[in-house]
Amino acid sequence: MNVIFRHTDGIPPEAPLGGKAAALARLAGARLPIPEWLVVTPAAFGEAAEAAALRLAPETAAAIVAAAREVAPGAGFFAVRSSALEEDGVEHSFAGQLDSFLFVPPEGIPARVEDVARSGFSERILAYRRERGVGGAPRPPAVLVQRMIESASAGVAFSADPVSGRRGHAVVSAVFGLGSALVSGECDADTFTVDRAGRIVAQAVAEKRTAHRPAPGTAEGVAAQPLPAEMTRQPALGEDQVRAVAALARAAARHFGRPQDIEWAWAGGRLWLLQSRPITALAARPDPDGEFNLWDNANIAESYSGVTTPLTFSFARGIYEAVYREFCRLMGVPRRRIEAERDAFPRMLGLIEGRIYYNLVSWYRLLAAFPGFTFNRGFMEQMMGVREGLPPEVLARIAPAGRWARLRDALALTRTGLGLGRHHLTLPRQIRRFNARLAAALRPPDPPLAEMRPDELVAHYRDLERQLLLRWDAPLVNDFLAMIFFGALRQLTARWAGDTDGTLQNDLVCADGGMISAEPAARVREMATLAAREPAAVELLVAGSPRAVERWLETAGDFRERYESYLEKFGDRCLEELKLESLTLHDEPLLLLRSVGQFARRLGAGGLAAQAGAEGRLRAAAEARVRRALAWHPWRRLVFFWVLRHARARVRDRENLRFERTRLFGRVRRIFLELGRRLHAGGRLAAPRDVLYLTVEEVCGFIDGTTVTADLAALSALRRREFAGYREKTAPSDRFATRGAVHLGNRFQAEQAAAPAPAGDALRGLGCCPGVVRGRARVVLDPRNAEIAPGEILVAPRTDPGWIMLFPSAAGLVVEHGSLLSHSAIVARELGLPAVVGVAGVTAWVRPGEWLELDGAAGVVRRVEGPA
């Protein structure tokens, strides 16, 4: 086995050169100015495993001296440095932990090689290994022997700024004399920052000694004689020299394909590269000059909370891209502007550690394209549901302000306003056409999904895309007009009707009739009323075994008919209903039956009778209040009730069209689960539901012949493991910024610490349904396996239509997020369930099991000692 390798040798890649020497060997083809060198491998010490046993054989020592004189003929001195196998790595540099020696004459090299090898067993190196978790037993390092460069100036340079993380800035540190004075900290150094264009963008010249030359054989960084006393503030390098050092660091980085930390020296007017190693820990730091993105899940988490599978994300991302392209067209955004922002559409959503976020920069780019953005930015932000917008400097780049920009925007807004008026007049016809198209697309397929071939299933999905997913015009226009009319109603109730608590407009739009969101609650009430006639049936529904419940259903008559009708219409309404991985009531019907039983139990106890018809009473009282306020203002009354009429219609249609979206997503869910069964049957997936860990493009591409990976089992297994890890780790913040490559160096955590839990014994939100109740708090973060005891107050971060199954068991409802038009507000009123939504921080404030008093009219939640 070779114990000595010269820089001129053909060194095999597997040679045990250690970090420094291996880096110099890899630079051999880069034509960079490197002093001549050789390396002594650990094999020179045989099997020695402790410092005292490290001795070179006489013939080995003689060979080292001869090799040094051969590689650098005439050299008077050499530097002898460690080159440990673990040294100068990406994760651990071992900088300064092992001994090095300067100005070593050729005949003194063997003794210094032994000293360097022994330093690999020092207490200092053992402590370093323990602190950084470097495993394995210590071993002698390889030793680098390099011709000594007696420099006029020297130092270190980084091809990227290791402090700020800027990859476009090289940092050069320089001192007079040898660089060892800088490495040891004996001398302050001049520091220069050089950008990609070679401009010196920052410099700091230190007061430093004019020279430093240790005595021959002195350990690097150890002063063996007094240093010269002369001090200077003259720069150690000229500007051209600084640029040359920065260029050398960047050349090394290009050669290695990663940022480098180099040692360099100027001698006799020539620049030398002494060593190069990766910049440790830079990979964990984002580049602050990289593209800025701001991620926020405040609004979208209501639809896609927690970890979401790749299939759902890819489906949602494609839908958002297509739908909002259509929306821009409908709102009159010029075709050339839509094309200019084409890369923003597919980046509206992002998947960060398995969770879906809005990319607010992409959203604002699209919003800025809308006519009227300079005037109505606040309204658009409210429509999007963000708590705070972009930083001003980022917004200024997206939507430049100025007199002419505002004038052009005003003209475009006028044209869009006319178009929006046309849409308003024709919207009922648009909705009818959309519903007809939806009914045709969602009619029972022939053959049924369960009998379709994989290619037929994909064709059916593509047909849904063409007919509906890419033509979502009526729901988009209706949603936009609902925001406008409901926002206008809120302003009018505050300005003309003295609404100070912000709930009057909510009461005005309730009980409008024909709103699909209220129908499930009404049907649950009907089934509960039937079941309440048989106390034994109630207890069976609440606690009976699935088999016992099935046997009872076979004889339940009217109840069974209503139950099956409910499943037929609302079977796709479930917890997290927009996620394709969610189990529906078709999959788990027992959840519905348990809910009906709990509701029936409360009906039997008389707990709901007083609240029946609460919505109608709220609406009548609200209308009476408005008429009193506007009794002497006929024109205001005319305008107010015109706005109210359209707000009610648009809110009603919004809820109904969202239910149609649920039906469509339910069909898509069944298509892909059937594809999962076909792929499993064909031996391509380990389990049918593994299809959830593939993307829409991958599944359809496998069928179409356009996929790049046919090993779907391995791909889905890899993703299943990855996403299981996301479920176990701490979730990213609700809002955070990234720079550059999103998944390189960014931490996905807010720069500011999370707000502390609210203080005090009372919190205020938005009252949704009147009533004052007391009960123990039951905080539910995941409703799947939650149980609500009778009389408990349900406290949740957010809800969706699937949570209705828990409502009948609760005495009251408190929701941290949500609006006056959220499903929880609408359903709570239909059930007569006292409720407050939008109670910021309530899940952190409340202690599980403590007593609360909830005032659903005032929107107040209080801590109390116990039952009244």
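The values are calculated or read from the model by the stated rules, or taken from the named source; none is laboratory data. Because the structure is predicted, anything quoted here is derived from the model rather than measured. Quick reminder, even Gly has a Cβ in these numbers, built from the backbone with ideal geometry, and neighbours come from all protein chains shown. Heavy atoms of the whole protein, side chains included, go into the accessibility calculation; ligands, DNA and RNA do not. Shrake-Rupley method; radii C 1.70, N 1.55, O 1.52, S 1.80 Å.
Inside region 846-856, residues that are in contact with a strand residue (DSSP E or B) (Cβ under 6 Å, 6 or more places away or on another chain) and within 19 Å of Asp782 (Cα to Cα) make up a count of 3.
Restricting to region 748-766, and then to whatever is in contact (Cβ under 8 Å) with a residue 24 or more places away in the chain and of a type in the set (D, E, K, R), can you tell me which residue is most open to solvent (accessible area, probe 1.4 Å)? That would be Arg764.
Output yes when any residue across region 855-862 is in a strand (DSSP E or B), charged (D, E, K, R) and open to solvent by 20 Å² or more (accessible area, probe 1.4 Å), and no when none is. Within region 855-862, one or more residues are in a strand (DSSP E or B), charged (D, E, K, R) and open to solvent by 20 Å² or more (accessible area, probe 1.4 Å).
When region 349-368 is examined, which residues are found to be in contact with a Ser or Thr (Cβ under 9 Å, 6 or more places away or on another chain) and at pLDDT below 95? Result: Ala368, single match. Only residues that are in contact (Cβ under 8 Å) with a residue 40 or more places away in the chain, over 13 Å from Arg355 (Cα atoms) and open to solvent by 40 Å² or more (accessible area, probe 1.4 Å) were counted in region 710-746, giving 4. Taking region 448-520 and the helices (runs of 4 or more DSSP H) fully enclosed by it, the elements with 3 or more residues that are open to solvent by 30 Å² or more (accessible area, probe 1.4 Å) and either out of contact with any strand residue (DSSP E or B) (no Cβ under 6 Å at 6 or more places or on another chain) or within 30 Å of Pro688 (Cα to Cα) (or both) are at 454-464, 473-496.
Scanning region 663-694 for residues that are open to solvent by less than 30 Å² (accessible area, probe 1.4 Å) and part of a loop (DSSP other than H, G, I, E, B) yields a total of 2.
The set of residues in region 695-709 that are surrounded by fewer than 17 Cβ atoms within 10 Å (Cβ to Cβ) and either under 22 Å from the mean Cα position of the chain (by Cα) or among the aliphatic types (A, V, I, L, M) (or both) comprises Glu697, Val708.
The criterion of at least 1 residues that are under 30 Å from Val864 (Cα atoms) and either in contact with a helix residue (DSSP H, G or I) (Cβ under 7 Å, 6 or more places away or on another chain) or of a type in the set (Lys, Arg) (or both) is met by the following strands (runs of 3 or more DSSP E) wholly inside region 697-777: 762-764, 766-769. Would a scan of region 273-291 turn up a residue that is under 28 Å from Phe665 (Cα atoms) and either surrounded by 17 or more Cβ atoms within 10 Å (Cβ to Cβ) or within 17 Å of the chain's Cα centre (by Cα) (or both)? No, there is no match, as no residue in region 273-291 is under 28 Å from Phe665 (Cα atoms) and either surrounded by 17 or more Cβ atoms within 10 Å (Cβ to Cβ) or within 17 Å of the chain's Cα centre (by Cα) (or both). Is region 111-121 home to any residue that is at pLDDT below 95 and assigned to a loop (DSSP other than H, G, I, E, B)? Among the residues of region 111-121, not one is at pLDDT below 95 and assigned to a loop (DSSP other than H, G, I, E, B), which makes the answer no. With the condition kept exactly as written, say whether any residue in region 708-722 is under 30 Å from Gly682 (Cβ atoms), in contact with a Gly (Cβ under 6 Å, 6 or more places away or on another chain) and modelled with pLDDT of 95 or more. Among the residues of region 708-722, not one is under 30 Å from Gly682 (Cβ atoms), in contact with a Gly (Cβ under 6 Å, 6 or more places away or on another chain) and modelled with pLDDT of 95 or more, which makes the answer no.
For region 741-791, the set of residues classified as farther than 24 Å from Ile826 by Cβ and at pLDDT below 85 consists of Glu751, Gln752, Ala753, Ala754, Ala755, Pro756, Ala757, Pro758, Ala759, Asn785, Glu787, Ala789, listed by residue number.
Quick one: would you say Glu816 is out of contact with any strand residue (DSSP E or B) (no Cβ under 6 Å at 6 or more places or on another chain), without any contact (Cβ under 8 Å) to a residue 40 or more places away in the chain and buried (at least 21 other Cβ atoms within 10 Å of the Cβ)? Even if it seems obvious, please write down each step before you answer.
Working: out of contact with any strand residue (DSSP E or B) (no Cβ under 6 Å at 6 or more places or on another chain): yes; without any contact (Cβ under 8 Å) to a residue 40 or more places away in the chain: yes; buried (at least 21 other Cβ atoms within 10 Å of the Cβ): yes.
Answer is yes for this residue.
Output the residue which, of all residues in region 56-76 that are under 18 Å from His7 (Cα atoms) and outside any helix (DSSP H, G or I), is least open to solvent (accessible area, probe 1.4 Å). If we take residues in region 56-76 being under 18 Å from His7 (Cα atoms) and outside any helix (DSSP H, G or I), then Ala72 is least open to solvent (accessible area, probe 1.4 Å). Restricting Leu592, Leu585, Leu541, Leu575 to residues that are of a type outside the set (Asp, Glu), outside any helix (DSSP H, G or I), open to solvent by less than 10 Å² (accessible area, probe 1.4 Å) and over 24 Å from Ala629 (Cα atoms) narrows the list to Leu585.
I'd like the residue in region 11-47 that is assigned to a loop (DSSP other than H, G, I, E, B) and open to solvent by less than 10 Å² (accessible area, probe 1.4 Å) and, out of all such residues, is nearest to Ala247 (Cα to Cα). Before the answer, list the steps.
First, the residues of region 11-47 that are assigned to a loop (DSSP other than H, G, I, E, B): 11-17, 27, 31-36, 41, 46-47.
Those still in the list that are open to solvent by less than 10 Å² (accessible area, probe 1.4 Å) too: 17, 27, 35, 41.
Values: Leu17: 27, Leu27: 15, Pro35: 18, Thr41: 32 Å.
Only one residue tops the list, namely Leu27.
Quick one: which of Glu47, Glu14, Glu36 is in contact with a helix residue (DSSP H, G or I) (Cβ under 6 Å, 6 or more places away or on another chain) and among the acidic types (Asp, Glu)? Reasoning before the result, please.
On the way: Glu47 fails: in contact with a helix residue (DSSP H, G or I) (Cβ under 6 Å, 6 or more places away or on another chain); Glu14 fails: in contact with a helix residue (DSSP H, G or I) (Cβ under 6 Å, 6 or more places away or on another chain).
Residue meeting the stated conditions: Glu36.
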